[in-house]
Each structure stands twice: as C-alpha cells, then as structure tokens.
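Each reported figure results from applying straightforward, stated rules to the coordinates on display, with no laboratory input. Computed from a predicted structure; not experimentally measured. Counting neighbours? That spans all protein chains shown, and the Cβs are built from the backbone with ideal geometry, glycine included.
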Amino acid sequence: QKEVEQNSGPLSVPEGAIASLNCTYSDRGSQSFFWYRQYSGKSPELIMSIYSNGDKEDGRFTAQLNKASQYVSLLIRDSQPSDSATYLCAVPTTNAGKSTFGDGTTLTVKP
Amino acid sequence: KAGVTQTPRYLIKTRGQQVTLSCSPISGHRSVSWYQQTPGQGLQFLFEYFSETQRNKGNFPGRFSGRQFSNSRSEMNVSTLELGDSALYLCASSGGQGAYGYTFGSGTRLTVV
C-alpha cells in the first residue's frame, strides 16, 4: 500500500460543477495535510492546508479531513477552466523534514 | 517577499558528467528540501537541510548529494549522470521542516543525453 494515495484520474467536470479530489494516507500519526496545484510545466503551488478533523473553506476550495478514516479531500466549487491542473495531496512525516506526495489527480474543467 | 530561486532553469548534460543545482530559499526560511519529479515516479524526496545540517535523506544512490550554506542557500550535486536522472528537480523552502507546507522554486529541468 502506498503511503499516500489519490483517486486515479483524469477527472473531467463541466464548468460550474463541483470537482471532488480524494486522498488516503497510511500513517495514523500524521498531523498536517496539504493540497498543491501544479499547472502543466510549472512547479507545485500550495493551495490548502488542514490540520483538524472537519472542513476548512477558502474561497471556492474546501478541504475535508477525517483522521479516523485516514482520508482527506478537496472540493472545488463552481469549477473554472483555470482550475485545470494536477492536484497533489501531501502528508509531512512528523519531525523528519520530508513530505510524501500522492501521484496526483489531473483535473480538466470543460467550458 | 522574494520567492524561491532555483538556477539554472534548464540543463542538458551527457551521461557520466556531473551537475550542480542551486536554490535560494525564502528569506528567513532555514529548511530546504529537494525533490525529483518524473512522470513515472511522481515527486520523490531527495533530502532536507536545516541550518546547514542534512536532517533526512530519501532513497537515492550516493551519487546524489547536497549541502546548505550559512545563508540557507542550498546546492545539490549529481555525479556520474545516468539517463534515468533526467527529471525536474524542485527545491522547496519551508519555515518549519515542511510542517506548514512548502513554497517551491520553479525547478531545474535536467536532461541527460
């Protein structure tokens, strides 16, 4: 089992729809969780962080965390073509200066 | 606030050569991590430096090495290049060993021919 797994893509949604991206992790001791967005040919950009169970909203983005299920998700509401990118889930290893990244889910938002 | 600066942006090297990549983190950040990104393997952790000390190392051969200077700038070196080393090398700056997330540099695209 991979340490961080993301739902396999690619994911395609129409403009204005909700895009749902999922991630599971294996280390029950993980305390922080991050979502990065990577446009083609660019480097990853941090877009969301979540540390506590529940939801965290930032504009059109909502991160959801369920530590009991070892599950974290990212919802993008009112998806726009500019949201088309690869989304990476990342889980830092406690006190190790290392993060484990999922393989990414490529999202395409069609006008 | 200046971002993370990586140089060079692109490199083409021949098998057997060595290469040095440079990274200047965000001012005040003392943690610099390096990652290799390839289409097949995704983002793989190389190593992390904090206050000039390597704190953690990924599962890469000894040909991959790095260092950090007193001003937090970091370099990574790859010796005896192999075709499989062709990748995007990303430097990540963090204020807390990645616990608060990373700011990535633009990356160095290395092609080994």
**Report entry** Scattering curve values for chain B, log₁₀ I(q)/I(0), Debye with Cα scatterers, q = 0.22 Å⁻¹
**Finding:** -1.22
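Using square roots of five times the C-alpha gyration tensor eigenvalues, list the equivalent-ellipsoid semi-axes of the stretch A:51-111 in whole Å, biggest first.
24, 16, 9
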Query raised in the report: Got a sec? Charge dipole of chain A, +1 on Cβ for Lys and Arg, -1 for Asp and Glu; which of A:Ser49, A:Ser20, A:Leu74 is way out at the positive end?
Result: A:Ser49
Query raised in the report: Residues with amide H under 5 Å of A:Lys98's amide H, sequence separation 5 or more or different chain, H placed in the peptide plane at 1.01 Å from N; which?
Result: A:Thr93
Query raised in the report: Under a GNM of chain A (C-alpha, springs under 10 Å), which listed residue has the highest mean-square fluctuation: A:Ser52, A:Ser79, A:Ser43?
Result: A:Ser43
Requested in this report: Quick one: check the C-alpha center-to-center distance for the stretch B:1-39 versus the stretch A:64-84, whole angstrom.
Outcome: 30
**Report entry** Per-residue mean of C-beta atoms belonging to partner chains within 10 Å, peptide B:26-35
**Finding:** 1
Report task. Starting from the Cα of A:Asp78, step 7 Å along the direction of its Cβ; do the same at A:Lys42; then give the gap between the two resulting points in nm. Result -> 2.0
**Report entry** Space enclosed by the convex hull of the alpha-carbon atoms of the protein assembly as shown, per residue, Å³
**Finding:** 124
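Treating the beta-carbon of each Lys and Arg as +1 and of each Asp and Glu as -1, no other charges, what is the dipole magnitude of the protein assembly as shown about its Cα centre, to the nearest 20 debye?
Dipole magnitude for the protein assembly as shown comes out near 520 debye.
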Query raised in the report: Taking the mean number of other Cβ atoms within 10 Å as a proxy for protection, how do you rank A:33-41, B:2-10, A:101-109 from highest to lowest?
Result: A:101-109, A:33-41, B:2-10
Query raised in the report: When the convex hull of the C-alpha atoms of the stretch A:1-61 is computed, what volume per residue in Å³ does it have?
Result: 125
Query raised in the report: Which whole number gives the average, over all residues in B:100-106, of C-beta atoms from other chains lying within 10 Å of the residue C-beta?
Result: 6
Query - Straight-distance crosslink candidates among lysines, where the alpha carbon sits under 26 Å from A:Lys2 and sequence neighbours closer than 8 are dropped - result: A:Lys42, A:Lys56, A:Lys67, A:Lys98, B:Lys57
